[in-house]
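First up is the structure itself, then whatever we jot down about it.
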Amino acid sequence: MRTFACTNCNNTIYFENVSCLKCGHPVGFHAPSMAMVTLQPDASQPGLFKAIKAAGGADVRYCSNADHGVCNWLTSANALNTLCEACDLNRTIPNLSEPGSLRAWSDLERAKKRLVYSLLRFSLPVDTGMTPPGRLIFDFARNTRTGHLDGVISIDVMEADAVERERLRVHFDEPYRTLLGHLRHEAGHFYWSMLVAGQNNIDKFRDLFGDERQSYYEALDRHHAQGALVNWQASFVSAYASAHPWEDWAETWAHYLHITEAVDTADSAGMEPRAAGLIFGSVWPFKRYDIYRDETFVTLMDRWVPLTIAMNRIARSMGHHDFYPFVIPAPAYEKLEFVHKLIREQARQRH
Ligand SMILES: [Zn+2]
Ligand SMILES: [Zn+2]
Ligand SMILES: [Zn+2]
């Protein structure tokens, strides 16, 4: 995630901000320019804003979910749809008359915005134009099973409860469990249909991940009854990845998004991880790069590994769990590289 500059006063602006902490102007995320922009209210038309020196000076308004305090994205002033492109993907939102639902929804939206931001950076379409998976759809509901089916990503609202999520993390013996992790994983299932099944990449997929035609539900039942494959650490990014080739893909995909986004954030924070360690902003300005589009897979991983070693040490020095509590074995590198290639290929096809 990049940091942004207030287009009015040049103060640093972060992705979740709703106003500039220096000049006080409202700010919002403008997806067409992939930037936070600073706004000037239109005195004659309540709810309308002019973007200051940005977004082509277009008139904008906040997404209508800003009324609930859960969205800071902008829409075009004359768009018929009052929801931003990220909120427009919601089919079901939590029942706001239930206690805790608004807070849960807010956390879910924060995570989803980061997912959608990454998809946009990768030029991954939210509407594949294919059936399945069709268009990306989110159901945030209580007592639903977190998962993906036919293009719909369902997240149990209980996952937004930090106590419950930690209970499940310990229960399933997982080193990592977050809303963003869930969303990235489930998005992996969605894009499998488009990038693997839909693009004739199934043979290569089976070479790397195994044959996905084995019964999915039997495989999941077996995983939950007997646990992960013995020695899963030799081939998979996580224990759950060993449950079925589809889960291996979704876990690998989630890690690829974790890695790309974290390296992008490190870059934006002035950290240049190298094999020898971190080089900080003292040598600024170093070469800027767009890890989402320009750099090779080898460069991505060359930056990632020293970054995780440093971040894990820093996390431990604060008494936290590891920042990245995983070890990537050699076969999983190949799977990550496969995800990298498919994402890059589709981006090339679309530009
Ligand atoms: Zn400002
Ligand atoms: Zn929105
Ligand atoms: Zn899954």
Given the criteria among the acidic types (Asp, Glu), surrounded by fewer than 20 Cβ atoms within 10 Å (Cβ to Cβ) and either closer than 19 Å to ARG2 by Cβ or modelled with pLDDT of 95 or more (or both), does ASP290 qualify?
yes
Where residues in segment 67-82 are outside any loop (DSSP other than H, G, I, E, B) and touching a residue at least 12 places away in the same chain (Cβ under 8 Å), which of them is nearest to ligand 2 (Cβ to nearest atom)?
TRP73
Pairs needed: first member in segment 96-119, small (Gly, Ala, Ser); second member anywhere, within 16 Å of ligand 3 (Cβ to nearest atom); C-beta distance under 7 Å; at least 6 residues apart or different chains.
ALA111/LEU179; ALA111/LEU180; ALA111/LEU183; SER118/LEU257
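Condition check ((1) in contact with a strand residue (DSSP E or B) (Cβ under 9 Å, 6 or more places away or on another chain); (2) closer than 18 Å to HIS185 by Cβ; (3) not assigned by TED's automatic domain parsing to the domain that holds HIS30) across all residues:
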{"residue": "TRP73", "(1), (2), (3)": "yes, no, no"}
{"residue": "ILE93", "(1), (2), (3)": "yes, no, yes"}
{"residue": "GLU98", "(1), (2), (3)": "no, no, yes"}
{"residue": "ALA104", "(1), (2), (3)": "yes, no, yes"}
{"residue": "ASP107", "(1), (2), (3)": "no, yes, yes"}
{"residue": "LEU115", "(1), (2), (3)": "no, yes, yes"}
{"residue": "GLY129", "(1), (2), (3)": "yes, no, yes"}
{"residue": "LEU136", "(1), (2), (3)": "yes, yes, yes"}
Looking at (1) under 28 Å from the mean Cα position of the chain (by Cα); (2) over 24 Å from GLU261 (Cα atoms); (3) within 16 Å of ligand 2 (Cβ to nearest atom), find the lone condition where ALA51 falls short.
(3)
Of everything in segment 118-136 that's in contact with a Lys or Arg (Cβ under 9 Å, 6 or more places away or on another chain) and among the hydroxyl-bearing types (Ser, Thr, Tyr), which residue is surrounded by the fewest Cβ atoms within 10 Å (Cβ to Cβ)?
SER123
Quick one: would you say GLU251 is acidic (Asp, Glu), in the same structural domain as GLU212 (by TED's automatic domain parsing) and either surrounded by fewer than 19 Cβ atoms within 10 Å (Cβ to Cβ) or at pLDDT below 85 (or both)?
no
Check segment 55-63 and report whether any residue there is among the hydrophobic types (A, V, I, L, M, F, W, C), within 16 Å of ligand 1 (Cβ to nearest atom) and either at pLDDT below 95 or under 20 Å from the mean Cα position of the chain (by Cα) (or both).
yes
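The values are calculated or read from the model by the stated rules, or taken from the named source; none is laboratory data. No experiment lies behind these values; they were computed from the predicted model shown. When we count neighbours, we look across all protein chains shown, and the Cβ atoms used for this are built from the backbone with ideal geometry, even at glycine.
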